[in-house]
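Below is one structure; the comments refer to it alone.
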Amino acid sequence: MSSNAGWQELHFTARKDQVETLEDWLFAHGALSVTLEDEADQPLLEPGPGETPLWDAVSVTALFAGDHDVAPLLQTVPRELVKSIAEAPVAVADREWSRVWEDHFHPLQMGNRLWICPSWTSPPDPGAINILLDPGLAFGTGTHPTTAMCLRALDTGIEPGARVVDYGCGSGILGIAAARLGAATVLGVDNDPQAMTASRDNANRNRVLEAVFTAVLPDAEVIPSWAGSADWVVANILAGPLIDLAPVLTALLAPQGRLLLAGLLANQAKAVIEAYAPAVDLAIADQQEEWVLLAGARR
Ligand SMILES: C[S@@+](CC[C@H](N)C(=O)[O-])C[C@H]1O[C@@H](n2cnc3c(N)ncnc32)[C@H](O)[C@@H]1O
């Protein structure tokens, strides 16, 4: 795929029992959106309450930035999650995609005070804390359950003047929200250099100064100076990295500092809780779909 294409799509077909995990896998590998369509022109009946209807055979389209290296994904997508894989990515013109994007994304309320609003919409509540956020190269637009649970917890919990670490900051959405909710200093950390650019762009758009929110790589010199001083550490990554990062994240927390962990499934909670048990008593604080949020305070 040439880097001058605005966007590119990967096409798959899947059975309906494969779709949810396939969607999660695609988002975890950089998809900006995933669209589902009927593969076999099968009509859907009116869904019952709480049901999310899906066709038996689903056509799955994942959208990526034009310069994302998607070729390895075609090789590595777990075969148990797909029926078939198209052979090559398809380039999508900028204008065409922005129309699709604008049709799909709407302002979302997160807790009492916070809204995540695409920049082309008028915030429904101008008096709320409105975070303007558009699709970017790094993960995190507020639409994923794991991000939403973190935002709601920050909305309820952040106290004015707090020092906050957003580990795995991606688009910077959680750190920017923390700053807008009153945190005095926020450190974003991510191992993807694109997250530095996305976080700063989004912070600028939301009038969050660099003195308040900086995003750095995990080996940045500033990180040791945060040891033992964070009132909040929030990390929305995946269960495996969260377990590996347990010593790093707990070392950042002040005594009684609050830890929020997301990106794990309910059946992974026990392993993550055990990894943090030496320093923090974590418990499930929220659940959305099969994703859980863990919360606890440093002893
Ligand atoms: C699921 S995204 C979360 C983005 C955003 N914080 C949100 O809540 O929507 C996870 C982010 O963690 C980053 N990440 C993954 N493993 C990491 C690690 N070991 N150290 C730092 N960042 C990591 C990824 O690059 C990605 O931006």
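Quick notes
- Label separation (residue 122 vs residue 56): 4.7 nm, computed from points 7 Å beyond Cα along the C-beta direction.
- Pair-distance distribution P(r) for the range 135-249, from all Cα-Cα distances in 5 Å bins starting at 0: 2, 13, 25, 27, 22, 10, 1 percent.
- With Cα atoms as the point set, the radius of gyration and Dmax of the chain evaluate to 19.5, 59 Å.
- Accessible surface, the chain, averaged per residue in Å² (probe 1.4 Å): 47 Å²
- Protein accessible area in the range 230-299, 1.4 Å probe - carbon and sulfur %: 58 percent
- Virtual spin-label span in nm between residue 86 and residue 192, 7 Å along Cα→Cβ: 2.2 nm
- Distance between modelled label sites at residue 11 and residue 277, nm, 7 Å Cα→Cβ extension: 5.0 nm
The values are calculated or read from the model by the stated rules, or taken from the named source; none is laboratory data. A quick note: this is a predicted structure, and the numbers were derived from the prediction, not measured. Positions of Cβ are generated from backbone atoms using ideal geometry, with glycine treated the same way; all protein chains shown enter the neighbour counts. Only protein heavy atoms, including side chains, enter the accessible area calculation; ligands, DNA and RNA are left aside. Shrake-Rupley method; radii C 1.70, N 1.55, O 1.52, S 1.80 Å.
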